Amino acid sequence: MLKFTAIAFILIVGYSCSEADYKLTYFDIRGRGEFIRFIFAAANHKFEDNRINPADWPNLKASTPFQQLPTLEIHEDSETVILAQSKAIARFLADRFGFNGENEIERALIDMYGCQLGDLFDSTVGKNLTNQQFDTILNQNFKFFEDRLNKNGSGFLVGGKISWADIFLSQMTEFLDKYKNMYLDKYPQVKALDEYVRDLPGVKEWIQNRPTTPF
Ligand SMILES: N[C@@H](CCC(=O)N[C@@H](CS)C(=O)NCC(=O)O)C(=O)O
């Protein structure tokens, strides 16, 4: 009887704790996928980094929810869920891994900053801006985040611990390439946050081992 109970317990616990498998599908670039890869890295959580060849995209496109990438396949308890929209994916993983604040207000602020960073990506990366337009947009954004970090005082954008918005901000600085230091030297709080994120053991390891891509 004892043996039976023990086996049943193991089965029930094993079933209810079955771990999810994650497959992130994106192109072989950092683009809109890298901050999601950073979230996995910061959480030290493994995932399948499925980088598709542009030649395979036309065939795959129709099978994605909005005919765009990234997508995240979640395999859990013999079910598969497919998420699209990079920020929805980020929020979901942030909830899972503890990067989404402590209450509704914190989550709303994290969301607001994450959306702003998404807009910053849309208005700059791959856009044909003049140097002056680029400089104005970046300084406006960095100044905003520098002020938030100063006001919050914990080194993070919201509350007392790291959130997906902090991770997103750090990852976005990579798009500045060789101009990164030139900008970040003017915004010491943003620079310190960026260094903190890149120094997390999982992120550090990810950056050392990830594929090298031009952007
Ligand atoms: N709002 C979407 C935008 C996704 C998006 O624009 N994906 C681009 C790559 S960065 C794409 O799939 N392009 C290929 C296509 O539209 O055919 C998100 O944040 O995930």
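The values are calculated or read from the model by the stated rules, or taken from the named source; none is laboratory data. Because the structure is predicted, anything quoted here is derived from the model rather than measured. Note: ideal-geometry Cβ built from the backbone for every residue, glycine included; neighbour counts use all protein chains shown.
Some points to look at:
- Selection from region 33-47 of residues that are part of a loop (DSSP other than H, G, I, E, B) and within 9 Å of the chain's Cα centre (by Cα): GLY33
- Close contacts from region 38-66, counting a first residue that is more than 13 Å from THR25 (Cα to Cα) and a second that is within 12 Å of the ligand (Cβ to nearest atom) and part of a helix (DSSP H, G or I), with Cβ to Cβ under 9 Å and a gap of 6+ residues or different chains, come to PHE38/PHE168; ILE39/ILE89; ILE39/ALA90; ILE39/PHE168.
- Considering (1) within 16 Å of the chain's Cα centre (by Cα); (2) within 16 Å of the ligand (Cβ to nearest atom), the lone condition that GLY98 does not fulfil carries the number (2).
- Tally of residues being over 30 Å from TYR196 (Cβ atoms) and modelled with pLDDT of 95 or more across region 1-56: 5
- Selection status of LYS180, out of contact with any Pro (no Cβ under 6 Å at 6 or more places or on another chain), charged (D, E, K, R), at pLDDT 95 or above and assigned to a helix (DSSP H, G or I): yes
- Members of region 120-158 found to be assigned to a loop (DSSP other than H, G, I, E, B), among the aliphatic types (A, V, I, L, M) and touching a residue at least 24 places away in the same chain (Cβ under 8 Å), listed by number: VAL125, LEU157, VAL158
- Filtered residue count, region 77-118, keeping only those that are of a type in the set (Gly, Ala, Ser), buried (at least 17 other Cβ atoms within 10 Å of the Cβ) and at negative phi: 5
- Taking first residues from region 24-35 that are within 15 Å of ASP56 (Cβ to Cβ) and partners that are more than 8 Å from the ligand (Cβ to nearest atom) and not in a loop (DSSP other than H, G, I, E, B), the Cβ contacts under 7 Å between residues at least 6 apart in sequence or on separate chains come to THR25/ASN50; THR25/ILE52; THR25/THR71; TYR26/ARG51; PHE27/ARG51; PHE27/ILE52; PHE27/PRO54; ASP28/ARG51.
- Qualifying residue in region 119-139 (condition: at pLDDT 95 or above, more than 16 Å from the ligand (Cβ to nearest atom) and touching a Gly at 6+ places or on another chain (Cβ under 7 Å)): no
- Filtering region 35-61 to residues that are within 13 Å of the ligand (Cβ to nearest atom) and either touching a Ser or Thr at 6+ places or on another chain (Cβ under 9 Å) or of a type in the set (Phe, Trp, Tyr) (or both) leaves PHE35, ILE36, ARG51, ILE52, TRP57, LEU60.
- In region 62-80, residue nearest to the ligand (Cβ to nearest atom) [restricted to those that are outside any loop (DSSP other than H, G, I, E, B) and closer than 27 Å to GLN116 by Cα]: THR71
- Checked against the criterion of being crowded, with 20+ Cβ neighbours inside 10 Å, in a loop (DSSP other than H, G, I, E, B) and not charged (D, E, K, R), region 17-31 has no qualifying residue.
- Close pairs (6 angstrom Cβ cut-off, 6 or more residues apart or separate chains): more than 17 Å from GLU48 (Cα to Cα) in region 71-98, within 12 Å of the ligand (Cβ to nearest atom) anywhere: LYS87/GLY114; LYS87/GLY118
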